[in-house]
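Shown next, in structure tokens, is the structure this report addresses.
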Amino acid sequence: MNRPLLLVAVLCVAAAPLAIAPLANAQGSKPALYTDAQATAGAAVYTSSCAACHGTQLEGVAAPALKGAPFGEMAAAQSMTAATLLDVIANTMPQSDPGSLKPEEYAAVTAYILQQNGYPAGTTALAAGAAGAKDAKITP
């Protein structure tokens, strides 16, 4: 290998961790907006009230995916925050009977969706008007 190519290869290898570091920081910066117990309760509500349309793995069936890149892209396009996600779910779901769940069930489903998208659990339950939820952008 000639000297200029060797230098380029060494620089690429040395720079690789620097290129990956911002991704790790972005992933680790998701705020804790719900409790573990709330997400567990949300999983049960999701199974009974949401999975038929959104899929058992939140993959989307007759309705949009609620997990992963497709969900992240949709959320980014709409500048969605945790608060707006909760608001949309509470006011429009389930599609066959909007508003039929209790407020704590809507918050629990939202917590479950956040959990499934890599948001960490915290010590305070998510609720409408919760501190930080309006500023927490949804990211994949």
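In the calculated pair-distance distribution of segment 30-122, the portion above 18 angstrom amounts to 38 percent of the Cα-Cα pairs.
The peptide list 105-115, 76-86, 33-43, put in order of mean Cβ contacts within 10 Å with the highest first, becomes 105-115, 33-43, 76-86.
Extension gain, residue 139 to residue 76, is 22.0 nm, computed as 0.36 nm per intervening residue step minus the present C-alpha separation.
For the residue pair residue 40 and residue 131, what label-to-label distance in nm results when each label sits 7 Å from Cα along the Cα-to-beta-carbon direction? Taking the simple label geometry, residue 40 and residue 131 are separated by 2.5 nm.
Close amide-amide hydrogen proximity is noted between residue 60 and 55, 66, each under 5 Å apart and 5 or more residues distant or on a separate chain (H modeled in the peptide plane; Pro and chain starts excluded).
Rounded to the nearest whole Hz, the Karplus-based 3J(HN,Hα) values (6.51 cos²θ - 1.76 cosθ + 1.60, θ = phi - 60°) of segment 111-117 follow the sequence 4, 4, 5, 4, 4, 5, 9, with x at glycine and proline.
Taking amide H as placed 1.01 Å from N in the peptide plane, the amide H of residue 81 sits under 5 Å from that of 138, each at least 5 places away or on another chain.
Since every read-out is calculated from the coordinates, none of them should be taken as a lab result. Since this is a predicted model, take the numbers as computed values, not measurements. Cβ sites come from the backbone with ideal geometry, for glycine too, and all protein chains shown count toward neighbours.
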